[in-house]
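Asks: What follows is a single structure, and I will ask about it in a moment.
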Amino acid sequence: MSDTRQATLSPTQRAGSRKVFIKTYGCQMNVYDSQRMGDALAGGGYVTTEAMEEADLVLLNTCHIREKAAEKIYSELGRIRVMKAERAAAGKDLRVAVAGCVAQAEGREIIARAPVVDLVIGPQTYHRLPQALSRVEKGERVVETDYAVEDKFEHLPKAGKREIGARGVTAFLTVQEGCDKFCTFCVVPYTRGAEVSRPLAQILDEARRLADAGVREATLLGQNVNAWHGEDAGGRPIGLGGLLHALAEIPGLDRLRYTTSHPRDMDDELIAAHRDLPQLMPYLHLPVQSGSDAILKAMNRRHTGEDYLRLIERIRAARPDIALSGDFIVGFPGESEADFEATMRLVEAVGYASAFSFKYSPRPGTPGAELAGHVDEAVKSERLARLQELLRRQQLAFSESLVGQKLSVLVEKPGRRPGQIVGRSPYLQPVVMDENAGSVGDVVTVEIAGAVANSLIALGASDARSALTGGPVAA
Ligand code: 5AD
Ligand code: SF4
């Protein structure tokens with residue numbers, strides 16, 4: 001096993017003249033991982049570029065959650081192959097690396113299927129990127145997908161104040177990785193491994209660095225973030241609620257969020273944190289996947305629809321204005337029309353502020369893929385359309401319910417149009433405001449004058465109508 005502390009850099013790496021283009025697919029944890037890979041490569045002399053054409057290294061940070069997500073990678077590699085051939089014709093090099101969950105799941109197969117690829121590196125080993133690239137430069141094709149025994153976070157260089165500052169006033173912070181829940185549709189326990197919590201001190205150190213560099217809002221990440229557990233300074237066991245209390249003490253961190261949670265791990269301490277911590281935003285992503293108990297059982301979710309509804313009641317009792325978000329899968333094997341209708345009823349009963357919904361996609365190696373009763377694609381599409389229509393109406397109703405209210409908004413960046421700035425509501429919606437409402441990094445209070453889908457417009461924002469009809473206001 002290699003040791004990152006002994007990374008040897010080639011003269012070109014040391015010269016700092018090389019450019020890396022990182023393309024991120026999938027979830028927020030991949031966004032965070034891409035930033036950390038950028039930090040690791042900066043230590044090896046690479047600077048990041050937004051333009052693939054000028055890159056010496058193209059790194060795809062991939063997602064394996066659904067078949068479509070994985071197939072996208074191979075189409076992209078097809079395009080990169082053409083680019084690499086053009087470079088080679090001009091006597092120039094282009095290195096290609098595949099990281100993330102497709103790398104972990106398919107490993108050596110990627111090299112076989114896509115000869116353009118020089119390096120395959122899994123999510124648990126990306127701290128070894130500089131050494132792996134040195135081997136590539138010597139002509140090797142490298143596959144690094146072992147689960148590292150060392151803690152990658154300990155071995156990754158810490159981002160400097162300038163790099164953090166350049167990423168904006170909101171930041172992701174991974175506190176937990178992996179999953180032991182083994183929902184029968186999901187590849188995560190196989191690609192990201194068993195549940196591991198980062199130690200409290202390591203998280204607090206990273207959070208302080210973020211706050212010192214101007215970050216005002218941190219979103220704690222984990223595949224199963226509310227399974228986080230650790231010890232406080234006195235050695236007493238604490239859960240995510242305790243961690244949030246500790247983070248709330250850090251000056252400058254005005255807002256905290258966390259994602260993604262499993263209903264089974266919403267304990268009393270965490271629910272109480274929603275009541276007690278003003279920094280904890282009243283927005284919770286709590287996937288239920290289905291409203292049918294038979295399907296939930298086949299999914300190995302270990303809760304019923306009723307358990308979920310009772311949990312939502314307890315959370316709302318602690319924080320009445322909390323907005324809920326969820327994930328749904330339609331067309332899991334065996335899902336009947338009655339099962340699907342149970343999902344629709346659950347959605348009606350909860351009232352979501354936002355949600356993500358997907359057609360079931362059988363993933364090789366997961367138990368769901370082996371089940372009988374696969375649902376017709378046309379039926380899946382029809383159910384998804386019905387569910388999404390209901391969720392869309394709920395989202396719009398929620399946004400419209402905020403019109404006339406005063407909301408606190410964290411100002412994030414200039415708007416798309418001159419004279420405008422864009423921020424986030426407590427409920428994660430982009431809010432378009434007049435530029436005089438505040439500066440980037442301020443938390444301001446504005447009155448909401450209008451709403452479309454998931455975007456809000458503050459009273460006084462210039463050109464309000466076009467701001468609302470111009471599509472999504474922020475990414
Ligand atoms: N098919 C469809 N959707 C899936 N998800 C996870 N695995 C699959 C799959 N095999 C969805 C779940 C999860 C979200 C991240 O992706 O809803 O919560
Ligand atoms: Fe996948 Fe989430 Fe289930 Fe874990 S809890 S197996 S990450 S869906």
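All of the numbers you see were taken from the coordinates with simple rules; none came from a lab. Note that the structure is a prediction, hence the values are computed from the model and not measured. Heads up, the Cβs are rebuilt from the backbone with ideal geometry, glycines too, and the neighbour counts pull from every protein chain shown.
Asks: How would segment 8-99 be classified by its alpha-carbon gyration tensor: rounded, prolate or oblate, with rounded meaning a/c under 1.5 and the a/b versus b/c comparison settling the rest?
Replies: oblate
Asks: While we're looking at this one, here's another question. In whole percent, what relative contact order does the chain give with Cα contacts below 8 Å and a gap of six or more residues?
Replies: In percent, rounded to a whole number, it is 9.
Asks: On to the next question. Under the √(5λ) rule applied to the eigenvalues of the Cα gyration tensor, what semi-axes describe the equivalent ellipsoid of segment 43-83? Give them in Å, descending.
Replies: Rounded to whole Å, the semi-axes are 23, 14, 7.
Asks: Output ³J(HN,Hα) for segment 239-252: one whole-Hz value per residue in order, computed from phi by the Karplus curve 6.51 cos²θ - 1.76 cosθ + 1.60 with θ = phi - 60°, and x for Gly and Pro.
Replies: Here the 3J(HN,Hα) series is x, 4, x, x, 4, 5, 4, 5, 5, 5, 7, 6, x, x Hz.
Asks: For segment 128-170, take every pair of Cα atoms, bin their distances at 5 Å starting from 0, and report each bin as a whole percent.
Replies: It works out to 5, 16, 17, 16, 17, 15, 11, 2, 0, in whole percents.
Asks: Please state, to two decimals, what the Cα-based radius of gyration of segment 403-467 comes to when divided by 2.2 N^0.38 Å (N = residues).
Replies: Values: Rg = 9.9 Å, N = 65, 2.2 N^0.38 = 10.7 Å.
That works out to 0.93 for segment 403-467.
Asks: Placing unit charges on C-beta atoms (Lys and Arg positive, Asp and Glu negative, everything else neutral), compute the dipole magnitude of the chain about its Cα centre in debye, rounded to 20.
Replies: Here the size comes out at about 1020 debye.
Asks: Taking the Cα atoms of the chain, what is the range of coordinates along each of the three principal axes, in descending order and whole Å?
Replies: The principal-axis extents, from largest down, are 61, 59, 54 Å.
Asks: What are the semi-axes of the equivalent ellipsoid of segment 128-286, taken as the square roots of 5 times the eigenvalues of the Cα gyration tensor, listed largest first and rounded to whole Å? All intermediate terms of the calculation are to be shown ahead of the outcome.
Replies: Numbers: eigenvalues 164, 93, 39 Å².
After scaling each eigenvalue by five and taking roots: 29, 22, 14 Å.
Asks: Show me, bin by bin at 5 Å from 0, the whole-percent P(r) of segment 264-347 based on Cα pairs.
Replies: 3, 14, 25, 22, 14, 11, 7, 3, 1
Asks: Moving on to the next point. By count of other Cβ within 10 Å, fewest leading, how are D56, D232 ordered? Intermediate results must be reported in sequence, preceding the final value.
Replies: Details: D56 17, D232 13.
Listed from fewest to most nearby Cβ atoms, that is D232, D56.
Asks: Which ordering of M344, M433, M266 is given by a fewest-first count of other beta-carbon atoms within 10 Å? List each step's numbers first, then the result.
Replies: Working: M344 16, M433 25, M266 21.
Neighbour counts put them in this order, fewest first: M344, M266, M433.
Asks: Kindly state, as a whole number, the per residue volume in cubic angstrom of the convex hull around the alpha carbon atoms of segment 277-322.
Replies: 76 Å³
Asks: Quick one: Debye curve from the alpha-carbon atoms of segment 333-475 only, equal weights, vacuum; give me log10 I(q)/I(0) at q = 0.10, 0.12, 0.17 Å⁻¹ to two decimals.
Replies: After summing over all Cα pairs, the log10 values are -0.47, -0.61, -0.87.
Asks: Give the value in nm², to one decimal: projected area of the alpha carbon convex hull of segment 355-427, averaged over all directions.
Replies: Convex hull of Cα atoms, orientation-averaged projection: 8.5 nm².
Asks: What residues qualify as long-range amide H neighbours of S357, i.e. H under 5 Å apart, gap of 5 or more or another chain, H built at 1.01 Å from N?
Replies: F328
Asks: More than 25 angstrom separation, counting every C-alpha pair in segment 281-405; what % is that?
Replies: Working: 1969 of 7750 pairs.
It works out to 25 percent of all Cα pairs.
Asks: Pairs to check: K72/K359; K181/K359; K23/K84; K158/K413. Give those whose C-alpha atoms are more than 23 Å from each other in this structure.
Replies: Long pairs (Cα-Cα over 23 Å): K158/K413.
Asks: Also, quick follow-up: Assuming 0.36 nm per residue, please report the length gained on full extension of the stretch A89 to D268 beyond their Cα-Cα distance.
Replies: 58.2 nm
Asks: Same structure, new question: For R302 and T445, what does the FRET efficiency come to when R0 = 45 Å and r is the distance between their Cβ atoms, rounded to the nearest 0.05?
Replies: Efficiency, rounded to the nearest 0.05: 0.60.
Asks: What percent antiparallel are the DSSP beta bridges of the chain, to the nearest 5?
Replies: Working: 23 of 66 bridges.
Expressed as a percentage, antiparallel bridges in the chain total about 35.
Asks: Now for a separate question. Among 328-339, 379-390, how do they line up by average Cβ neighbours within 10 Å per residue, starting with the highest?
Replies: The packing order, highest mean first, is 328-339, 379-390.
Asks: Once the Cα atoms of segment 197-244 are picked out, what are the Rg and Dmax in Å?
Replies: That works out to 11.2, 31 Å for Rg and Dmax.
Asks: In bins 5 Å wide, starting from 0, what share of all Cα pairs of segment 84-169 does each bin hold, as a percent?
Replies: Going out from 0 Å in 5 Å bins, segment 84-169 shows 3, 14, 19, 19, 17, 13, 10, 5, 1 percent.
Asks: Going by how many other Cβ atoms sit within 10 Å of their own, how do D321, D33 line up, fewest first?
Replies: Fewest to most other Cβ atoms nearby, the residues stand as D321, D33.
Asks: Can you list residues whose amide H is under 5 Å from F172's amide H, if they're 5+ apart or on another chain and H is modeled 1.01 Å from N?
Replies: Counting only residues 5 or more places away or on other chains, the set is T219.
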